[in-house]
Amino acid sequence: MQDIPTAIVGASGYTGSELLRLLLQHPHVTLVAVTSRQEAGRSIESVFPRFRHMRGAELTFIQPDPEAIARSGAQVAFLALPHGVAAEVACALLEKGIKVIDLSADFRIHDPVVYEEFYLHPHPAAELLKSSIYGLPEVHAEAIRSAELVASPGCYPTSILLPLIPLLRAKLLDPSSIVAHSLSGVSGAGKKPDPALMFCECNESLRAYGLPKHRHLAEIEQELALAAGQPVPITFIPHLVPVNSGIHSTITASLLPDTSADDIARELENAYADAPFVRLLGLGGHADTKNVTRTNYIDIGWHIDPRCRRLIITSAEDNVIKGAGGQAIQSFNLLFGLDEKAGLQSV
């Protein structure tokens, strides 16, 4: 098949640079536009010397102008922009017939009232919320295939939703008992000047933040409620750890009275039997970020504590790949009828 003309809007941040790395090597992609306000006028290979001599690395960054992106011939655009900014660009590109895969939070929340509660401003394009598809490929593959606007999930939510959705659908857990402790590398905060993210502030340090109502809680509870068929309020405790990338989540929940270890294994194995990037470690398995960083895999292991009838799940992923750019490319592959693994097998 012919290569798909593709744009990346916001291509110089941590997620944007991972999208560059992956899409420059994708067998069915030709990059036709990459944008960055700071790097406009410079080539990809001059900003990121590691991409020198790769096909397409001579492409020059431009300003994030929807008219210029449309003139490039792009059929699809990845938006690696901050929330609030992405919506305006998405609207303009959709009007020009360009499919959008948005990696910000702007289109993940179905209810504009909930969006305003968590993001502290009215939704900038609420009319699009009904048509956006939450881009969790292992859960919403069929809807993604026919989408015009994909809202790619956040990194923390991915690490929590994939282990829990099959179990809540099967009514194996008490929905009111879920607690998730998640630890993220510093790249999760984005490429911005912030004293709290400086090396001397983060190195040899571990701290919780965003308590008690981190913004990702909105999409986590939304998707868990859809799986459970009822509201699922959870306690979510994110932490910053001194590593570049990686997320580790430890999730606990009370088992319902008749739930067994075999039930947990059966539901997870059935849900992800054909999911190429979900690796189940089984009962007694421990997820470890060193096994997933620089890949598009999520590893999931679990234990059962018989003393208190609680399930303990551990999951690990790379926050800028499976939790961001790689997962968005899975959705891209589904959108264009490609092998879901295309461009992702070697990462």
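The values are calculated or read from the model by the stated rules, or taken from the named source; none is laboratory data. For clarity, every value in this text was computed on a predicted model and none was experimentally measured. Virtual Cβ from ideal backbone geometry, glycine too; neighbours counted across all protein chains shown.
In this structure, Leu93 does not qualify as closer than 16 Å to Tyr134 by Cβ and modelled with pLDDT of 95 or more. Would you check if there is a residue in segment 236-255 being among the β-branched types (Val, Ile, Thr), touching a residue at least 60 places away in the same chain (Cβ under 8 Å) and part of a loop (DSSP other than H, G, I, E, B)? No. When you look at Ile300, is it closer than 30 Å to Ser205 by Cβ and of a type outside the set (S, T, N, Q), yes or no? In short, yes.
Looking only at residues in segment 68-85 that are in a helix (DSSP H, G or I) and touching a residue at least 24 places away in the same chain (Cβ under 8 Å), the one that is farthest from the chain's Cα centre (by Cα) is Ala68. Applying the condition of being closer than 23 Å to Glu340 by Cα and outside any strand (DSSP E or B) to segment 274-288 and asking which residue is farthest from the chain's Cα centre (by Cα) yields Asp274.
Which one is farthest from the chain's Cα centre (by Cα), of the residues in segment 240-273 that are more than 22 Å from Lys171 (Cα to Cα) and surrounded by fewer than 16 Cβ atoms within 10 Å (Cβ to Cβ)? Looking at residues that are more than 22 Å from Lys171 (Cα to Cα) and surrounded by fewer than 16 Cβ atoms within 10 Å (Cβ to Cβ), I get Pro242.
For segment 289-317, enumerate the residues that are among the charged types (D, E, K, R) and in a helix (DSSP H, G or I). Lys290 - this is the single residue of segment 289-317 that is among the charged types (D, E, K, R) and in a helix (DSSP H, G or I).
Scanning segment 1-59 for residues that are surrounded by 19 or more Cβ atoms within 10 Å (Cβ to Cβ) and of a type in the set (Ser, Thr, Tyr) turns up Thr6, Ser12, Tyr14, Thr15, Ser17, Thr35, Ser36. Looking only at segment 153-163, decide whether some residue is more than 19 Å from the chain's Cα centre (by Cα) and either of a type outside the set (A, V, I, L, M, F, W, C) or in a loop (DSSP other than H, G, I, E, B) (or both). Checking segment 153-163: not a single residue is more than 19 Å from the chain's Cα centre (by Cα) and either of a type outside the set (A, V, I, L, M, F, W, C) or in a loop (DSSP other than H, G, I, E, B) (or both). Note on segment 185-239: among residues that are loosely packed, with under 13 Cβ neighbours inside 10 Å and aromatic (Phe, Trp, Tyr), the one that is farthest from the chain's Cα centre (by Cα) is Phe199. Of all residues in segment 101-116, none that is in contact (Cβ under 8 Å) with a residue 60 or more places away in the chain has its Cβ atom under 7 Å from the Cβ atom of a residue that is exposed (fewer than 15 other Cβ atoms within 10 Å of the Cβ) and outside any helix (DSSP H, G or I), 6 or more apart or on another chain. Being crowded, with 21+ Cβ neighbours inside 10 Å, part of a loop (DSSP other than H, G, I, E, B) and not β-branched (Val, Ile, Thr) is a property that Ala90 lacks. Against the definition (at pLDDT 95 or above, under 16 Å from the mean Cα position of the chain (by Cα), outside the structural domain of Leu93 (by TED's automatic domain parsing) and not aliphatic (A, V, I, L, M)), how does His181 come out, yes or no? The answer is no for His181. Within the span defined as segment 332-346, every residue fails to be among the hydrophobic types (A, V, I, L, M, F, W, C) and closer than 19 Å to Tyr156 by Cβ. Of the candidates Arg215, Arg207, the single residue that is of a type in the set (Lys, Arg) and free of Cβ contacts under 8 Å to residues at least 60 places away in the same chain is Arg207.
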